[in-house]
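Chemist: Below is a structure I'd like to ask you about.
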Amino acid sequence: MKVDLTLGEFLKETVETLYEEGLLLASIGLDGKPNVMAIGWAFIGYLWNKPYFIVAVRPSRYTHKLIQETGEFTVNVPTPDMKDIVDYCGTVSGRTHDKFRAKKLTAVKGKSVKAPIIDECVLHYECRVDYESRLEPERVPTEVRRINYPSGGYHTLFFGEILAYYGDREAAKRLKP
Ligand SMILES: Cc1cc2nc3c(=O)[nH]c(=O)nc-3n(C[C@H](O)[C@H](O)[C@H](O)COP(=O)(O)O)c2cc1C
């Protein structure tokens, strides 16, 4: 059963899954089609007295276009047995693949945003973007530039205010702490 959770509850599990397997970011286009991509680079915290999920998305991702179109996304914490799904969603693009269909994922409309949550996941953060910032190449450390941006594609940071946070408490207890 999915219930509203207090921010901070399962924070360690969320961050641990982000580091080790990746999370699933879901978005929706103006055409109403949902998409999902894997994310491994993100921050969760407080800014301007509000809770935020800040995600780093390269402009080449289809997701980048969808977030800019609608200003919304959700971050979903998968179970360990969804690893192949995370890998798939982090390899193919929604431009050419319906990843929800291919992996039999269930898109459920968010409570506070039009972007869907992924029902098979355990924890759900619904976010509305109220600020975005493209990394400035000349300010990125030389070594980071060399390793991560040999052909450009500097990330955009989307600052998503967390409007709702909920999930399955029992299933979340089984995530890696
Ligand atoms: C574990 C994992 C983590 C990833 N993290 C990010 C990320 O934080 N930012 C990003 O731009 N791409 C990241 N990617 C790559 C995207 O998920 C991948 O390019 C995806 O196919 C983009 O899908 P889209 O074109 O449908 O948006 C990651 C891939 C994997 C497998």
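Nothing in this text is a laboratory measurement; each read-out follows from the coordinates by a stated rule. Everything numeric in this text was worked out from a predicted model, so none of it was measured. Here the Cβ is made from the backbone with ideal geometry for all residues, glycine too, and neighbour counts use every protein chain on show.
Chemist: Per residue of the chain, what 222 nm ellipticity follows from adding -39500 (n - 2.57) for every DSSP H run with n ≥ 4, rounded to the nearest 500?
Modeler: Per the formula, -6000 deg cm²/dmol.
Chemist: Please work out whether the stretch 2-173 counts as rounded, prolate or oblate from its C-alpha gyration tensor, where a ≥ b ≥ c are the square roots of the eigenvalues and a/c under 1.5 means rounded, while otherwise a/b larger than b/c means prolate and anything else oblate?
Modeler: Judged from the Cα gyration tensor, the stretch 2-173 comes out rounded (a/c under 1.5).
Chemist: Okay, moving on. Mind checking the angle between helix 11-20 and the chain's longest principal axis? C-alpha axes, 0 to 90 degrees, to the nearest 10.
Modeler: Once rounded, the angle reads 50 degrees.
Chemist: Next up: Just add up the charged neighbours of TYR149: K/R +1, D/E -1, any other residue whose Cβ is under 15 Å from the Cβ of TYR149.
Modeler: Summing Lys and Arg as +1 and Asp and Glu as -1 gives +3.
Chemist: Can you compute the charge dipole magnitude of the chain about its Cα centre, using +1 on each Lys and Arg Cβ and -1 on each Asp and Glu Cβ, nothing else charged? Give it in debye, rounded to the nearest 20.
Modeler: 320
Chemist: If you average the alpha carbon positions of the stretch 82-153 and of the stretch 1-78, how far apart do those two centres end up, in angstrom?
Modeler: Between the Cα centre of the stretch 82-153 and that of the stretch 1-78, the gap is 7 Å.
Chemist: Would you mind counting up the charge near SER93? Only other residues with Cβ under 10 Å from its Cβ, with Lys and Arg at +1 and Asp and Glu at -1.
Modeler: Net local charge, SER93 excluded: +3.
Chemist: Shape verdict for the stretch 13-65, please, from the Cα gyration tensor: rounded (a/c under 1.5), prolate (a/b greater than b/c) or oblate.
Modeler: oblate
Chemist: Using DSSP to define loop residues, name the chymotrypsin sites (Phe, Trp or Tyr not before Pro) in the stretch 1-75 whose beta-carbon has at most 11 other beta-carbon atoms within 10 Å.
Modeler: Answer by residue number: TRP48.
Chemist: Nearest 0.05, what FRET efficiency do LYS104 and ASN148 give at R0 = 41 Å with Cβ-Cβ as r?
Modeler: According to the calculation, E is roughly 0.80.
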